[in-house]
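The structure under discussion appears below in the form of structure tokens.
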Amino acid sequence: MAATVTVRWGPSLDQNCRGWFGYVVWRAMGATGGTFAALNSVPTKELSLRDNTVKRGQRYRYYVVAMVGAVASKPSNVVGITP
């Protein structure tokens, strides 16, 4: 059964990301392990992103990075959710 998760974050405070271009959200399946993959290939300037590809009962983990060109900030904390 399909579900939706909205990932929200605050602006990057990473000093190396002044003049940021946008944010990329990364997701992995499962409580641990797994490979993180970018949800959005083009950085978003929004402070949230909707993931419409999740399934109810499956555990997902997310983190966000700010982008300046091809350079990424330090990643945010990883958060997990089971929709």
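The values are calculated or read from the model by the stated rules, or taken from the named source; none is laboratory data. This one's a predicted model, so the numbers in the text were calculated from it and none came from an experiment. As a convention, Cβ positions derive from the backbone with ideal geometry for all residues, glycine included, and neighbour counts pool all protein chains shown.
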Just for the stretch 59-83: of the residues that are surrounded by 15 or more Cβ atoms within 10 Å (Cβ to Cβ) and without any contact (Cβ under 8 Å) to a residue 40 or more places away in the chain, which one is farthest from TRP9 (Cα to Cα)? ARG59
Considering residues that are at pLDDT 85 or above and not hydroxyl-bearing (Ser, Thr, Tyr), the number found within the stretch 12-23 is 1
Return yes or no: is ARG56 of a type in the set (D, E, K, R), farther than 17 Å from GLY69 by Cα and loosely packed, with under 12 Cβ neighbours inside 10 Å? yes
Which one of the conditions (1) among the small types (Gly, Ala, Ser); (2) farther than 23 Å from PRO83 by Cα; (3) touching a strand residue (DSSP E or B) at 6+ places or on another chain (Cβ under 9 Å); (4) in contact (Cβ under 8 Å) with a residue 40 or more places away in the chain does SER41 fail to meet, given that it meets all the rest? (4)
Take the conditions buried (at least 18 other Cβ atoms within 10 Å of the Cβ) and more than 13 Å from the chain's Cα centre (by Cα) and apply them to VAL24. Does it pass? no
